[in-house]
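Here is the structure we will look at.
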Ligand code: NAD
């Protein structure tokens, strides 16, 4: 029996990458899925088809899904997304705050509009989704779970990606503060911190053997991660298997947060 049978899960940014993998993974474990997307209805439909197939393959004939368009950078659209999800399912049990964007610029040339847009989706949008989910969780019995998609850049600086780095740093505190504030009301808030994962956000190197080798040379486990390897961590943290965990970021990064430069001694014995 899947861990999410009869539970309703909203995944933001679920048309591609880790969000899609999460939608499929939760469907494989029996959940009803609200698939949020922003721009590409075509990609959202691909996620929906995969969710439908997962339900069928696992025999969850009663399980359902919807696609719901909303730009996580806009509060009114977030409110509509929650309303659509509740209209469809009647209740929400799990929020996966996954939508995220990044682009590069020297920090001394970073336009404030870019800063506002990136932090607006990655952090402000995540906070607004948390607020709406928690308000709903508190409105009925049974609590609820939030899992945020953070990054190793929650703790590792990312020069020339200042807005992204700040947004993920803020996500650590968002996760901890909400985890603490609602710990006594059966609401858990955690985060996953991925390393370098094979998704469209990394299109610049995943299909280029030379660039990929360069990226992977920095990863202690010697390879990029797969979206499915992230989805399993989201599913764990959202499940009752993690019933005593709140306010934590679980890094799933092939060792990237372990100060890889220190693998070989360069400061003590040479
Ligand atoms: P991705 O580009 O495939 O996924 C990002 C998703 O967010 C896309 O589906 C996109 O449409 C959606 N999105 C972007 N802006 C949106 C908006 N305004 N409203 C709604 N949806 C929006 O890449 P991914 O790697 O799957 O990224 C998912 C999350 O994982 C992001 O938060 C990212 O920061 C995080 N992450 C990824 C990696 C990695 O190496 N891939 C590492 C660390 C963290």
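Here, each number is a calculation from the coordinates, and none is a lab measurement. Here the structure is a predicted model, which means the values were calculated and not measured. Heads up, the Cβs are rebuilt from the backbone with ideal geometry, glycines too, and the neighbour counts pull from every protein chain shown.
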> Under the definition of Cα pairs under 8 Å and six or more residues apart, what whole-number percent is the relative contact order of the stretch 8-252?
Replying inline: 20 percent
> Once the Cβ-Cβ distance between residue 202 and residue 262 is put in as r, and R0 is 30 Å, what FRET efficiency do you end up with, to the nearest 0.05?
Replying inline: 0.75
> Which FRET efficiency value, to the nearest 0.05, do you get for residue 245 and residue 46 by plugging their Cβ-Cβ distance into 1/(1 + (r/R0)^6) with R0 = 41 Å?
Replying inline: 0.80
> How much mean residue ellipticity at 222 nm does the chain get from its helices, if each DSSP H run of length 4 or more adds -39500 (n - 2.57) and you divide by all residues, to the nearest 500 deg cm²/dmol?
Replying inline: -13000 deg cm²/dmol
> Of the listed peptides 42-54, 173-185, 7-19, what is their order by residue-averaged count of other C-beta atoms within 10 Å, with the highest listed first?
Replying inline: 7-19, 42-54, 173-185
> Label residue 61 and residue 103 with points 7 Å out from Cα along Cα→Cβ: what is the distance between them in nm?
Replying inline: 4.9 nm
> So how much slack lies between residue 160 and residue 139, counting 0.36 nm per residue of separation and subtracting their Cα-Cα distance, in nm?
Replying inline: 3.4 nm
>> Tell me the angle of helix 162-181 to the major Cα principal axis of the chain, expressed in degrees between 0 and 90 and rounded to the nearest ten.
In response: 50 degrees
> Could you state the number of Å between the C-alpha centres of the stretch 60-116 and the stretch 215-258?
Replying inline: 21 Å
